[in-house]
Amino acid sequence: MLSINYTRGKVYSQNSSLDIDKDGIITKGKAEQRVINTRERYKLTNIIIRQVLTVKRLLVFITVIFCILLIIFAFLKESRITYTDNKANDEANISLEDASPLSTWLGEYSFSEYAPPDQNMFYSLTIYREGNNFFGELSIDGFQTMDRLLATVFGDENTIEIKFLQYLPDNIYEPYEEGDVLFTLQKHESKLFTTWGKIKPLLFSNQKTGEYFQIDYSTPDQ
């Protein structure tokens, strides 16, 4: 193989990197080997770079997934807390409603009276609940009378006041104002007593406190 000794001079100094064994002689074989070595080094470098990039991408992917999972976990935790709080509030409200002493009054009540020769008066009271409020719908039908009244119910498990709230459709006479106590109902042992207020019964003998209304049926507290 033809070798050229470039141990001296400018040409050698410019191509000294091709002298891979540093013996002061640059040959074609050395030049080719130098190219091969450089190519292999670039290949190795590229492999390392690709591996590093792959690891970086993997780390970025893992980080993104981790962040997404954290967000989902935080959202679920907040939702669970909100649901638990709402459920607790609902249960508390239901408990308060169920615990109302007025719940024992839910149902329908009636009373009728007769004055000879042909005068009758019929009273019908329905007590119901909406949320935490208790209402009574009162109908009175008879001689020159057709009352349709909505009242509020106040009291406890023993005594309630039926207070006028407003007139309902088909009512024909309007003598009451909001807040008027129409009458009071009181339980004593197994008896139910009525004390009249703004409403007066047809018969004078019935206007004193006594047993008038009877319960037709009670409504289970839902």
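Structure summary
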read-out	value
Verdict on G131 being more than 20 Å from G197 (Cα to Cα) and in the same structural domain as D180 (by TED's automatic domain parsing)	yes
Total residues in the range 192-214, condition loosely packed, with under 14 Cβ neighbours inside 10 Å and either closer than 15 Å to I160 by Cβ or aromatic (F, W, Y) (or both)	2
Condition met for D170 (modelled with pLDDT under 95, touching a Lys or Arg at 6+ places or on another chain (Cβ under 9 Å), assigned to a loop (DSSP other than H, G, I, E, B) and on the phi > 0 side of the Ramachandran plot)	yes
T152 being assigned by TED's automatic domain parsing to the domain that holds N132, part of a strand (DSSP E or B), among the hydroxyl-bearing types (S, T, Y) and in contact with a Leu (Cβ under 7 Å, 6 or more places away or on another chain)	yes
The lone exception for N89 - which of (1) in a strand (DSSP E or B); (2) at pLDDT below 90 it fails	(1)
Only one of L125, L165 that is touching a residue at least 60 places away in the same chain (Cβ under 8 Å), surrounded by 14 or more Cβ atoms within 10 Å (Cβ to Cβ) and assigned to a strand (DSSP E or B)	L125
Flag for I140 being in a strand (DSSP E or B), β-branched (V, I, T) and in contact with an Asp or Glu (Cβ under 6 Å, 6 or more places away or on another chain)	yes
Pairs, first under 11 Å from G107 (Cα atoms) in the range 206-220, second part of a loop (DSSP other than H, G, I, E, B), C-beta under 6 Å, six or more apart	T219/L106
Failed criterion for G179 (all others in (1) small (G, A, S); (2) part of a loop (DSSP other than H, G, I, E, B); (3) touching a residue at least 24 places away in the same chain (Cβ under 8 Å) hold)	(3)
Residue list for the range 108-122, restricted to those being in a strand (DSSP E or B) and either at pLDDT below 95 or farther than 22 Å from S218 by Cα (or both)	E113, Y114, A115, Q119, N120, M121
F183, sole failed condition from (1) under 18 Å from F122 (Cβ atoms); (2) within 35 Å of the chain's Cα centre (by Cα); (3) buried (at least 17 other Cβ atoms within 10 Å of the Cβ)	(2)
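The values are calculated or read from the model by the stated rules, or taken from the named source; none is laboratory data. Computed from a predicted structure; not experimentally measured. Glycine also receives a Cβ, built like all others from the backbone with ideal geometry; neighbour counts cover every protein chain displayed.
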